Amino acid sequence: MKRNYVYILIFIICFLTFCNGILHQANFFEIISRALTEPGYINNFFMALETVEYRAINPTLFNLIQYIFSSLLRRGIQYDVAVIFGSQLLQMLLPFFAIIGGVKFYYYYNSIMQFEFGQNNRKNYRSTIGWYIVKNCFKIGVSIYGAYIIYLGFVLLFFQGSLGAESRSLFSDLIGNNLYVNHTTIYFMLEGLITTFLMPITYTALSQSVVLLGWNLKEVIATPIVYYYGMATIGYALYSFIPSLAIYINPTVIMANGSYDFNSLLIILVNMTPLFIAFVIYMRRTKRAEI
């Protein structure tokens, strides 16, 4: 259990991150902040409501939170809108989750592993490192995708309807638009396999691989951030000149899955470039390690 607490924490943070999209729509954080810092705010909040039944509610923090959630339901936010808004923040936080995997591997590689594989004991060196990297990537991917699936269930339980959009860009060129229109939840689960499972695995692998190059901790931390935001910046800069190229190299495009026209398989493969880089580094740096 102690070994998995980091992944449990990632799961919790991701779920709260997804929920943040909905809470932001209701000004949840601003209202709660003022309720905690401004004396009499909760009482004034309920007294200002037009509906008499809400004025009669006991002005407590718990009832204020309950009112905010009920107002979301009354507002009629559509199911697909709640999912899309909820997952938006992940496109900014993705490299930071990848850093966690890199830091874990950095300390393992430079401490425990060096003890286990001394100069006279290099048997199974490559496979041991490879298994640790794959396991770490998989656990982080499962933590984020698991939080996304739970969030889907949460949203499906409380929100209904759709914005009326007839398609989502990812996979539309492969399977058409019927899956999104008629089986929206299944589509979001499939989309999440790319955005909340494969992409975190890709950048976590990159962050871990540079440890094998002997880079220090600051460089390990910086690698996924510089690569992710660097490619996004290049993509935005190129969009006015070569849009057909820009949308493929900008990782925020596939994460947001907005209204772009692209080849789904190609954009997935291009965004897996960090994973290919990580594999090359791993193969070269462990090639002559075993005896």
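The values are calculated or read from the model by the stated rules, or taken from the named source; none is laboratory data. In this text the structure is predicted, and so the values were computed from the model without any measurement. Note that each Cβ is placed from the backbone with ideal geometry, even for glycine, and that neighbours are counted across all protein chains shown. Note: areas computed on protein heavy atoms with side chains; ligands, DNA, RNA excluded. Shrake-Rupley method; radii C 1.70, N 1.55, O 1.52, S 1.80 Å.
Tell me, which residue of the stretch 168-215 that is of a type in the set (Phe, Trp, Tyr) and assigned to a helix (DSSP H, G or I) is surrounded by the fewest Cβ atoms within 10 Å (Cβ to Cβ)? Going through the qualifying residues, I end up with 197. Checked against (1) assigned to a helix (DSSP H, G or I); (2) in contact with a helix residue (DSSP H, G or I) (Cβ under 8 Å, 6 or more places away or on another chain); (3) at pLDDT below 85, residue 77 passes all but a single condition, namely (1).
A single member of 218, 139 is exposed (fewer than 14 other Cβ atoms within 10 Å of the Cβ), in a helix (DSSP H, G or I) and not hydrophobic (A, V, I, L, M, F, W, C), and it is 218. So for the stretch 236-254 (the condition being touching a Cys at 6+ places or on another chain (Cβ under 7 Å), touching a residue at least 24 places away in the same chain (Cβ under 8 Å) and either surrounded by fewer than 18 Cβ atoms within 10 Å (Cβ to Cβ) or hydroxyl-bearing (Ser, Thr, Tyr) (or both)), does at least one residue qualify? No, because not a single residue in the stretch 236-254 is touching a Cys at 6+ places or on another chain (Cβ under 7 Å), touching a residue at least 24 places away in the same chain (Cβ under 8 Å) and either surrounded by fewer than 18 Cβ atoms within 10 Å (Cβ to Cβ) or hydroxyl-bearing (Ser, Thr, Tyr) (or both). Could we say that residue 238 is among the aliphatic types (A, V, I, L, M), in contact with a helix residue (DSSP H, G or I) (Cβ under 7 Å, 6 or more places away or on another chain) and farther than 25 Å from residue 180 by Cβ here? When the stated conditions are applied, residue 238 passes them.
Residue-by-condition table, conditions (1) at pLDDT 95 or above; (2) open to solvent by less than 50 Å² (accessible area, probe 1.4 Å):
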site: 104; (1), (2): no, no
site: 119; (1), (2): no, no
site: 123; (1), (2): no, no
site: 128; (1), (2): no, yes
site: 145; (1), (2): yes, yes
site: 157; (1), (2): no, no
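Annotation note: of 216, 250, the sole residue that is at pLDDT below 95 and farther than 16 Å from residue 169 by Cβ is 216. Within this structure, residue 219 passes the test of being among the acidic types (Asp, Glu) and free of Cβ contacts under 8 Å to residues at least 40 places away in the same chain.
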